[in-house]
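Peer 1: One structure coming up, written as structure tokens, with questions to follow.
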Amino acid sequence: MKVLQFPLARISLAFIAGVLAIYFLKPIPPAIFAFLTITVIIFFSAYYSSQKNTKIQIHFGIAVYLLAFSIGATTQTVHTDSNRPDNYTRYKNIFEKNHTFTLTLREKLKSTAFNERYIALLNSVDQEKASGRILLNIRKDSLTHPFIIGNQLKINAPLIKNTTQKNPNQFDYSKYLENKQIYGQLYADSNEIQLNSEITKDIWHHASQFRTRIIQNLEKNKFSNKELNVAVALIMGQQQEIDPEIIQDYQYAGAVHILSVSGLHIGFILLFITFVLKPFPNTKKGAFIKLLIILASLMLFGILAGLAPSVVRSVVMFSFVAIGQYLRRSVNIYHTLLVSILLILLFQPSFLFDVGFQLSYAALFFIVWLQPLLANIWKPKNKIGNYFWDILTVSFAAQLGTLPLSIYYFHQFPGLFFITNIIVIPFLGFIMSLGVLVMLLAAFGWVPYYLAKILELSIFYLNKIISFIASLEQFIIKDIPLNTPLLISSYFVIITAAIALQQKHFKNLVWVLIAIITFQISTIATKWKVQNQTEFIVLNTSKNTGIIERNGYNVKLFANDSLIKNAKTNKVLSSYLTANFSTLKEKHKLTNLIYFKGNKILLIDSSKAYPKNVQPDILILTQSPKINFDRLLQAMKPKIVIADASNYKSFQKKWEASCNQQKIPFHATAEKGFFKIN
């Protein structure tokens, strides 16, 4: 593979390995700094030795990769906020009682049904200086909240620690927040918040105000709200107000990437700015001024779009492209990719764990690598055919590169992605150019009626096209299982097959066969593991009671009527089945007695009807039964008591106290998550 021949590629891989090692192993910071010092000494020793004796150049190469690894490890350590001595997680009893927090609003997030959400920077805890990022939830009410980015707030409330997922194989929101250096959440009513008159007028504040001014001016000119929200996502990368149904349509049509500002959008912006700057003279001074304007425009657009990982990646990469054009040098796209990765991860190593960042680079790498190969398969004789063939090959290369990752994270595949891209991408170029122009004019208070109307109608018809494609659900493959070994081995197959098509050598064919065998071994190992697994799970469902018994691929569901009726559409159940390569074979109404692996499991619900002379190993309480719990424990003496989330919290507290008195373990799913026996 040609790219791996570049020393920078191997250095980048060593750097990323260092970031990953610290992320998973979490050693203490002093050990990392000591390791960095040692590797620096080894590097300089190897350098001077290689200057004197060229036969030991390999030692210098190893020292370089070792240094890159240690720099990656150090970068991850330095940029982990919880390692800072003033981070709020180091504050005594921070998650155990009320504290007075002062904080600054940094970013507005998508609202939930009950809360307006912000990322906030902590300034102090109980008047003691502190740092860190938290998630602030302000409960919705009938009043409009006056808060803007840059506001300084004072709140007295308990800080809630991020909790892990409460059901098996669910999206781990706690891990997601931790990757963004957010370790806790605050909940407050708007009338409980003291607003400081002083505003932090940093670049985030000005970018937010700039976006708000554009949106308000377009709203004043009767720009339809639904189309405006899509326009704001397309041009400025802000998806907070988009209707969830529209996002789902874009996902099903295979076009959700156009709602997140990425390389496609930044490329359009670069072309637009270059076109606007054409009148500049091509002198040395004129070219330098053009370069500065382009770099500044890309940077400002990135800030305006919220500096999401995909935006940062695209801005950095296209900045290098612009610099290469200025220097009149052909820019090696692989070097550009690698340098952009290193630069971004040096300042934000947490981006490595962002799904958008991973998908962006996977798509771009495969476009650069495979698209020329696919384009050579057929050469259309006219420009129009060639244009659409290029769109198709770019789409196919990007989809092939992101396919395993997309299935791994989202477990679905939009079968009509190529039709979507053929229709949407030409349309998108027009919308982006017109949208940038309209929004620039709107920023200065002038919204040309006809231009705005054309933009609005264009987005309206774009949404209609996407909605129609998404409605063809027979082409959307859902609930596709894929685990980590299958993810890695599938990429192994794709990469070796592509290399074999490019370079038709026997050695490359051997590698393809090895990759296929590796994939088959991963499949067999996964099948063997699933077949030999049995587990019993009490789910955490607030209104219903759900119990899963799995024996290999076959799952039994014990639940009340409403959960049985909606089993096919239940997200908790479908996530579990997909992740465990399983099928729901049987559905049963809840019974008082269940036997699993020699365990006698007794279930008591609000009816209080259960066999009296039973000595259960496990006691499950559901639907808040009104019973004399102390007497019940003395009579039955279970090994553990489980209370699911269908019980009143007050009941659960009393039951837990009784269990503690009699030294019987108590597990409340609402607090600790699902309960599992395997």
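The values are calculated or read from the model by the stated rules, or taken from the named source; none is laboratory data. What you see is a predicted model; the values in this text were computed from it and never measured. Glycine also receives a Cβ, built like all others from the backbone with ideal geometry; neighbour counts cover every protein chain displayed. Note: areas computed on protein heavy atoms with side chains; ligands, DNA, RNA excluded. Shrake-Rupley method; radii C 1.70, N 1.55, O 1.52, S 1.80 Å.
Peer 1: From the list I466, I494, which residue is closer than 30 Å to A398 by Cβ and surrounded by fewer than 19 Cβ atoms within 10 Å (Cβ to Cβ)?
Peer 2: On inspection, the qualifying residue turns out to be I494.
Peer 1: All but one of (1) touching a residue at least 60 places away in the same chain (Cβ under 8 Å); (2) part of a loop (DSSP other than H, G, I, E, B); (3) surrounded by fewer than 16 Cβ atoms within 10 Å (Cβ to Cβ) hold for K504; state the number of the condition that does not hold.
Peer 2: Among (1) touching a residue at least 60 places away in the same chain (Cβ under 8 Å); (2) part of a loop (DSSP other than H, G, I, E, B); (3) surrounded by fewer than 16 Cβ atoms within 10 Å (Cβ to Cβ), K504 violates only (1).
Peer 1: Look at F558 and say whether it is open to solvent by less than 50 Å² (accessible area, probe 1.4 Å), touching a residue at least 40 places away in the same chain (Cβ under 8 Å) and either over 28 Å from D605 (Cβ atoms) or not in a helix (DSSP H, G or I) (or both).
Peer 2: No; evaluated as a whole, the condition is false for this residue.
Peer 1: Any idea which residue in segment 356-388 is farthest from F24 (Cα to Cα), counting only those that are among the β-branched types (V, I, T) and surrounded by fewer than 16 Cβ atoms within 10 Å (Cβ to Cβ)?
Peer 2: I384
Peer 1: If you take the residues in segment 566-583 that are of a type in the set (S, T, N, Q) and at pLDDT 90 or above, which one is nearest to K676 (Cα to Cα)?
Peer 2: If we take residues in segment 566-583 being of a type in the set (S, T, N, Q) and at pLDDT 90 or above, then N580 is nearest to K676 (Cα to Cα).
Peer 1: Now a separate question. Which pairs do you get when a residue that is closer than 21 Å to Q152 by Cβ and modelled with pLDDT of 90 or more, found in segment 171-194, comes within reach of a residue that is among the acidic types (D, E) and in a strand (DSSP E or B), reach meaning Cβ atoms under 7 angstrom, with the pair 6+ apart or on two chains?
Peer 2: Every condition considered, no pair remains.
This table checks each residue for (1) crowded, with 18+ Cβ neighbours inside 10 Å; (2) out of contact with any strand residue (DSSP E or B) (no Cβ under 8 Å at 6 or more places or on another chain); (3) under 24 Å from S314 (Cα atoms).
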{"site": "L177", "(1), (2), (3)": "yes, no, yes"}
{"site": "Q194", "(1), (2), (3)": "no, no, no"}
{"site": "E198", "(1), (2), (3)": "no, no, no"}
{"site": "F210", "(1), (2), (3)": "no, yes, yes"}
{"site": "N217", "(1), (2), (3)": "yes, yes, no"}
{"site": "K220", "(1), (2), (3)": "no, yes, no"}
{"site": "M236", "(1), (2), (3)": "yes, yes, yes"}
{"site": "I273", "(1), (2), (3)": "yes, yes, yes"}
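Peer 1: Follow-up. Please determine whether any residue of segment 59-70 is polar (S, T, N, Q), surrounded by 14 or more Cβ atoms within 10 Å (Cβ to Cβ) and closer than 30 Å to Q152 by Cα.
Peer 2: no
Peer 1: What number goes with the only condition from (1) of a type outside the set (A, V, I, L, M); (2) part of a loop (DSSP other than H, G, I, E, B); (3) over 30 Å from L20 (Cβ atoms) that F95 does not pass?
Peer 2: With respect to (1) of a type outside the set (A, V, I, L, M); (2) part of a loop (DSSP other than H, G, I, E, B); (3) over 30 Å from L20 (Cβ atoms), F95 is out only on (3).
Peer 1: Scan segment 563-581 and tell me whether some residue there is over 27 Å from L482 (Cβ atoms), part of a helix (DSSP H, G or I) and open to solvent by 60 Å² or more (accessible area, probe 1.4 Å).
Peer 2: Checking segment 563-581: at least one residue is over 27 Å from L482 (Cβ atoms), part of a helix (DSSP H, G or I) and open to solvent by 60 Å² or more (accessible area, probe 1.4 Å).
Peer 1: Same structure, new question: Got a sec? Which of I494, I521 is without any contact (Cβ under 8 Å) to a residue 40 or more places away in the chain, of a type in the set (V, I, T) and part of a helix (DSSP H, G or I)?
Peer 2: Selected residue: I521, the only one of I494, I521 that is without any contact (Cβ under 8 Å) to a residue 40 or more places away in the chain, of a type in the set (V, I, T) and part of a helix (DSSP H, G or I).
Peer 1: Within segment 419-435, identify whether any single residue is of a type in the set (S, T, N, Q), open to solvent by less than 60 Å² (accessible area, probe 1.4 Å) and either outside any helix (DSSP H, G or I) or under 30 Å from D479 (Cα atoms) (or both), and answer yes or no.
Peer 2: Among the residues of segment 419-435, at least one is of a type in the set (S, T, N, Q), open to solvent by less than 60 Å² (accessible area, probe 1.4 Å) and either outside any helix (DSSP H, G or I) or under 30 Å from D479 (Cα atoms) (or both), which makes the answer yes.
Peer 1: From the set of residues in segment 123-150 that are hydroxyl-bearing (S, T, Y) and not in a strand (DSSP E or B), which is nearest to T89 (Cα to Cα)?
Peer 2: Filtering segment 123-150 for residues that are hydroxyl-bearing (S, T, Y) and not in a strand (DSSP E or B), the one nearest to T89 (Cα to Cα) comes out as T144.
Peer 1: Here is a further query. S197 versus (1) under 23 Å from L352 (Cβ atoms); (2) without any contact (Cβ under 8 Å) to a residue 24 or more places away in the chain: which is the lone unmet condition?
Peer 2: Every listed condition holds for S197 apart from (1).
Peer 1: Same structure, new question: Considering only segment 564-580, I want to know if a residue exists there that is over 26 Å from Q412 (Cβ atoms) and of a type outside the set (S, T, Y).
Peer 2: No - not one qualifying residue is present in segment 564-580.
Peer 1: Quick check: is even one residue across segment 23-46 closer than 30 Å to L103 by Cα and in contact (Cβ under 8 Å) with a residue 12 or more places away in the chain?
Peer 2: Yes, segment 23-46 contains at least one residue that is closer than 30 Å to L103 by Cα and in contact (Cβ under 8 Å) with a residue 12 or more places away in the chain.
Peer 1: What number of residues in segment 595-623 are under 17 Å from A670 (Cα atoms), open to solvent by less than 10 Å² (accessible area, probe 1.4 Å) and outside any strand (DSSP E or B)?
Peer 2: 1
Peer 1: Considering only residues that are open to solvent by 60 Å² or more (accessible area, probe 1.4 Å) and either within 30 Å of I41 (Cα to Cα) or in contact (Cβ under 8 Å) with a residue 12 or more places away in the chain (or both), which ones fall in segment 71-95?
Peer 2: I71, V78, H79, R84, P85, F95
Peer 1: If I filter segment 527-535 for residues that are at negative phi, aliphatic (A, V, I, L, M), in contact (Cβ under 8 Å) with a residue 24 or more places away in the chain and open to solvent by less than 50 Å² (accessible area, probe 1.4 Å), do I get at least one hit?
Peer 2: Yes: one or more hits.
Peer 1: Follow-up. Yes or no: L292 part of a helix (DSSP H, G or I) and open to solvent by 20 Å² or more (accessible area, probe 1.4 Å)?
Peer 2: Yes; evaluated as a whole, the condition is true for this residue.
Peer 1: Which members of segment 311-335 meet the condition of being open to solvent by 40 Å² or more (accessible area, probe 1.4 Å) and either over 20 Å from L8 (Cα atoms) or at pLDDT below 70 (or both)?
Peer 2: Q325, Y326, L327, R328, R329, S330, V331, listed by residue number.
Peer 1: For E107, only one of the following conditions fails: (1) closer than 21 Å to I32 by Cα; (2) open to solvent by 50 Å² or more (accessible area, probe 1.4 Å); (3) touching a Ser or Thr at 6+ places or on another chain (Cβ under 9 Å). What is its number?
Peer 2: (1)
Peer 1: For L563, are the conditions met, namely being closer than 18 Å to K166 by Cβ, among the aliphatic types (A, V, I, L, M) and modelled with pLDDT under 90?
Peer 2: Judged against the criteria, L563 is a match.
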